[in-house]
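Rule-based calculations on the coordinates, nothing more; no lab input. Here the structure is a predicted model, which means the values were calculated and not measured. In this analysis, Cβ positions are derived from the backbone assuming ideal geometry, glycine residues included, and neighbour counts consider all displayed protein chains.
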Amino acid sequence: MPSIFMDMGQTLRRTSRRSQGALLISLGLLLGLASPAWAVELLYPERNATRELAVSTPEGQPLGKGSLTQWTEGERLHVLLTYRYDDGRIIEESAVFLTQPELVQERWNWRERKEGQTTRQFTFDFGSGRAVGLTREGGKTRRYTEQLKVEPGRTFAGVGFALVAKNLLPQLRQGEEVKLQALAATPKPRKVNVKLSREGTESLTLAGQTLTADRVVIHPEIGLASLVVKAPDTNLYFTGSGPPVMVGGEGPVLEPGDPVVRTELLPQRRAPAAARRQTSPNR
């Protein structure tokens, strides 16, 4: 989940009874209740983009670099992330989203390779609910196939939560908590409840520049399973408001027991002045 950083708030699904909806929202805020899972609208349409990423420990020790590419095809958004770690691992994550009339994740794939061999791979098909996994460790290969009940527009995985948190940010800034569901690898594919909330702001130093960012926390709610599985929170950081820009995140690589890493969105590099003049449309 921390592996995903792009320029990515929620609005309530509108009904004909707008005044009644407003009243229910007000009551929920007054009572301090967590918001039910309304559909997530794509408030901030995504653009075709390619960005560079840096991966480090939470203390700042460099671990590797990555890239993010996203593009749209009609009403679908495609996201591809590639990470190259200094220890030789290559991690690829891809996802497809339907963006209209609401945000719905359709597919998610995550693969880790080292020395040319796939060490872990997970694929979730949100339409059919089929989840497939593979792990290799100590010469043993384990394969998983699960049929999970998926609620479209309520269930997300991986980079999907970066996109969701961005479009929920206006509500989170008002103190709301939003409960959704996540498809996760533990390593057995499973569905878990998660709560999204904004936990104030933090000062971040990125590429030598100090920024004030909203911290959005994704908290797994695994009940009694927490006695066996320790599932750490994932923190996502956003700056600005129109639209918010995700500048980094921190959480386990994939499974709850994985090391916690920090991912940062690197500033876009400006072309040299001479190159900009040569490509100017006025010339």
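Overall, the anisotropy analysis places region 50-138 in the oblate class: the square-rooted eigenvalues a ≥ b ≥ c of its C-alpha gyration tensor yield a/c not less than 1.5, with a/b not exceeding b/c.
Remind me, relative contact order of region 33-268 in percent, using alpha carbon pairs under 8 angstrom and six or more residues apart?
16 percent
Taking 0.36 nm per residue of separation and subtracting the current Cα-Cα distance, fully stretching the chain between S128 and A39 would add 30.1 nm. In region 33-268, a dipole from Cβ-located charges (positive for Lys and Arg, negative for Asp and Glu) runs towards its positive end, and of F126, T141, L80 it is T141 whose Cα lies farthest in that direction. With a simple spin-label model that places each label point 7 Å from the Cα along the Cα-to-Cβ direction, the separation between E115 and D87 comes to 1.4 nm.
Pairs over the 29 Å Cα-Cα cut-off, from the set K140/K179; K140/K230; K149/K195: K140/K179. Note on K65 and E199: with the Förster distance fixed at 30 Å, the Cβ-Cβ geometry gives a FRET efficiency of about 0.60.
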